[in-house]
Amino acid sequence: RDERQAACMIWKLARPAFYFGLFLVVVLSVIPQDAMPQTGIWDKANHVAAYTALAVAGGIGFRGRRSLMLVAACLFLLGAGLEVVQSFLPDRNASVYDLFANVIGIALGSLLAAGTNRTRFRLRRTNG
């Protein structure tokens, strides 16, 4: 019972977390490079982590296989669009490697979300 309540809380928070994550990614993608928080982590790892988190939150927040594919496609388009925008910003530059890192994150996050959604289905079936 406690496991199911914890899972329900995660599923309810996933959609707001997804929207907040989208906001953060967009803001961090367009602010000047010197205003970026320094994480000490390789830039591409930041991209993978951000898009993994977005894909997990979106994949859990919007249920169903179709929704998961739509979230993944929209995240790809967002990443590509932000790279295009960065090519026009004076202190930023577009990178196909950033987009590739985004795709890796989207794939990882989509797989994690799909597994979580299967667990959700099993919990519903076994606990009613």
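The values are calculated or read from the model by the stated rules, or taken from the named source; none is laboratory data. Model, not experiment: these values are computed from the prediction. Here the Cβ positions follow ideal geometry from the backbone for every residue, glycine too, while neighbour counts run over all protein chains shown.
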* Could you count how many residues in the range 85-106 are charged (D, E, K, R) and surrounded by 15 or more Cβ atoms within 10 Å (Cβ to Cβ)? -> 2
* To do: Please go through the range 51-70 and pick out each residue that is among the hydrophobic types (A, V, I, L, M, F, W, C), over 20 Å from C8 (Cβ atoms) and crowded, with 21+ Cβ neighbours inside 10 Å.
  => L54, A55
* Only one of these is within 12 Å of the chain's Cα centre (by Cα) and either part of a helix (DSSP H, G or I) or modelled with pLDDT of 95 or more (or both): A45, A57. Name it. => A57
* Applying the selection to the range 66-110, what residues are without any contact (Cβ under 8 Å) to a residue 24 or more places away in the chain and of a type in the set (S, T, N, Q)? -> S67, S87, N93, S95
